[in-house]
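What follows is a set of notes on a single structure, which appears directly below.
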Amino acid sequence: MGFFARCLLTSVIEFYIIKIYICIMLKVGTIMAMKVKQVSSLEKIMTKNYDDAKTIYQKTVMGGESFSYQLAICPDDFVDIFFTVQSPLKEAVSLYEVRNTVMDLPIYSYAIDDDYITRSAGTMPDLLLPLEAEKPMRLVYEAGALWVEVNVPENTPAGTYSVEIDVRAILVGNGEVGYEGRETMQIEVLPCNIPTQKTIYTQWFHTDCIADYHNVPVYSEAHWELIDAYMALYAKLGGNMILTPIITPPLDTGLGIRRTNVQLVDFEKKGHVYSFDFSRLVRWISLVNKNGIRYFEMSPLFSQWGLAYTPNILVKENGEESYLFGWEMDSHNPEYKNFLSQFLPALIDFAKEQGIKERLYFHISDEPNEKHLDAYRFAHDLIVPLIDGCPTMDALSNYAFYEKGLVPVPVTSIADLAPFLENKVENQWGYYCCSHFDAVSNRFMAMPSYRNRIIGLQIYKFGLVGFLHWGYNFYNSMHSRKQINPYLTSSAEGTFPSGDAFSVYPVKNGVAPSLRALVFKEALTDVEVCRKLEEYIGKDAVVKMIDDAAGMDLTFKDYPRQKEFIPNLMNKMMEKIKTFI
């Protein structure tokens, strides 16, 4: 045999030896190593931070309380992972796959705050996709997480319950089992129920974006079914007040632009007289009641950022529908005054018939300042006599404006609350948006989750009545110049820090929550844990407990930057509650 023939034969033999070795290794699964551990809901699991996440094993809750944690998983192969829940609380357990989504604007370049996971664009764990029964979660050489939500029923008998999750990983390459294990969480249920949520929470519900993204006609049966699904999730996430589009909300709409019309009321004009068809509003109220939402937040009645214009409102006249009101009409136009003087009393009468009048809140215009004082006073003096004592609320961060007495329910940015709190304003609300990126809490994707959840302790300590956020499902670019795909941009095309514009994701025939939304719901739960403890030791003692644990006078800008702080404090509060029951 010649030299080259021997070399060729040797190469062929080596090739088959290597191939056989790989097949054997795949067959027995010895190349598969996978790490699994239970971690806090405040973790955002990625390969680079997997080892930093601390393992947790137990939690104490009250009846009616929701508790979330994660299974952090780090494989070194291409695997399909199956999960099986075994628990007396099995029916109360929901599983979600934590999916990475695009984060195209983590934070503005000029932000000075360094309390961010990253300042670089990329992806971030955010979408919680419900895991269907017997369907696997796929991971490819990168860490990921399973989100476990336990909704403990009210009046659950006191005791300790195990939630066992069997984990089975299948190698995609050959179908062999690469990992089998079990993770167990011990949940102690106390013999009491968590108080009903007292904090009023609204996150602007953009009815038009539902129709636009899902490509269904407005108020078609398909649209109503989607509205119902979005409302159901909204309520689950703590929403108990809902933006109600009696007219298409004049919010986040650029000058001269019209958002998709979603007014619930049909208007017809004959001469100087208007008539009103509330049929769609009846159906809306039915869905709101069905989903357990308490309060109705009426669409603002004047344009945003200055009250200069009337909202875009379709009116039928002489058999033709057109925008009788909108950007072409000054807000002081007598015809708009004539319209409101007929519409609002009719709306109040309708609300009384429906038994919801005491559940109504009205907006005049969003975020007025002292430059708009005369315009706001004009609108206030026009509207208030027409709404029969219903409260008005608006975003208002200027205390001097508040002192004029025109906004009985001020919704103030948490960065500007100090003078309002110092003066012990009643009915004080808070909000944040894209402008609040230094020091304070927010829900941007790039923020650590403890910065999202800290708002609960702040709401409790400072006695905020409610909290407002503008983006439950805003799937438009800035000023609604165009519709966007939230899977391609989470920043309204580079305008708002990723995560500001929406907290839920559209999915086929429905909607799915974000990790950020469930963490905020945990913040609302923290408020109620504090309230429960207050029943036994008083608010001053609860606040002292918070500040002592924080090692500081906790404020909206000063709080521990540690992911263990809130869970540890909640555990201490639960232990304290146990001593009284």
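Nothing in this text is a laboratory measurement; each read-out follows from the coordinates by a stated rule. Small disclaimer: the values here were computed from a predicted structure and weren't measured. When we count neighbours, we look across all protein chains shown, and the Cβ atoms used for this are built from the backbone with ideal geometry, even at glycine.
Here segment 31-193 carries DSSP beta bridges of which approximately 90% are antiparallel, counting only pairs with both residues inside.
For SER435 and TRP224, what does the FRET efficiency come to when R0 = 41 Å and r is the distance between their Cβ atoms, rounded to the nearest 0.05? Can you show the working numbers first?
Details: r = 35 Å, r/R0 = 0.85.
Computed FRET efficiency for SER435 and TRP224 comes out at 0.75.
Screening the chain for whole DSSP H helices with an alpha carbon extent of at least 24 angstrom along the helix axis and a mean Kyte-Doolittle hydropathy of at least -0.5 yields 3-28, 334-354, 515-537.
With 0.36 nm allotted per residue and the present C-alpha distance subtracted, the ASP547-LYS576 stretch has 8.9 nm of extension available. Rounded to the nearest 5, the antiparallel percentage of DSSP beta bridges internal to segment 153-301 is 80%. Highest average first, the peptides 473-481, 160-168, 512-520 ordered by how many other beta carbon atoms sit within 10 Å of their residues are 512-520, 473-481, 160-168.
Contact order for segment 31-193, expressed relative to its length and based on alpha carbon pairs under 8 Å spaced 6+ residues apart, stands at 36 percent. Here the chain is treated as a Stokes sphere of Kirkwood radius computed over C-alpha pairs; at 37 °C and 0.692 mPa s its diffusion coefficient rounds to 126 µm²/s.
When only Cα pairs below 8 angstrom with a gap of at least 6 residues are kept, segment 459-511 shows a relative contact order of 31 percent.
Where both partners of a DSSP beta bridge lie in the chain, what percent of those bridges are antiparallel, to the nearest 5?
Numbers: 71 of 98 bridges.
Antiparallel bridges make up about 70 percent of those DSSP assigns within the chain.
Put in line by how crowded their Cβ is, counting other Cβ atoms within 10 Å and starting with the fewest, CYS390, CYS209, CYS192, CYS530 read CYS192, CYS390, CYS530, CYS209.
Which pairs break 19 Å Cα to Cα here: LYS90/LYS576; LYS90/LYS135; LYS44/LYS521; LYS54/LYS544; LYS198/LYS532; LYS270/LYS337? Working shown, then result.
On the way: LYS90/LYS576 28 Å; LYS90/LYS135 17 Å; LYS44/LYS521 17 Å; LYS54/LYS544 27 Å; LYS198/LYS532 11 Å; LYS270/LYS337 16 Å.
Too far apart for the 19 Å limit: LYS90/LYS576; LYS54/LYS544.
By other beta-carbon atoms within 10 Å, ranking ARG280, ARG451 with the fewest at the front produces ARG280, ARG451.
For the listed peptides 249-256, 495-502, a ranking on the average number of other beta carbons within 10 Å per residue, highest first, reads 495-502, 249-256.
So how much slack lies between ASP166 and ARG561, counting 0.36 nm per residue of separation and subtracting their Cα-Cα distance, in nm? All intermediate terms of the calculation are to be shown ahead of the outcome.
Working: separation 395, 0.36 × 395 = 142.20 nm, distance 3.37 nm.
Length difference between fully extended and current span is 138.8 nm.
Of ILE257, ILE107, the sequence from fewest to most neighbouring Cβ atoms within 10 angstrom is ILE257, ILE107. Apply 1/(1 + (r/R0)^6) to the Cβ-Cβ distance of PHE82 and LYS508, taking R0 = 22 Å, and write down the FRET efficiency to the nearest 0.05. Calculated transfer efficiency: 0.45.
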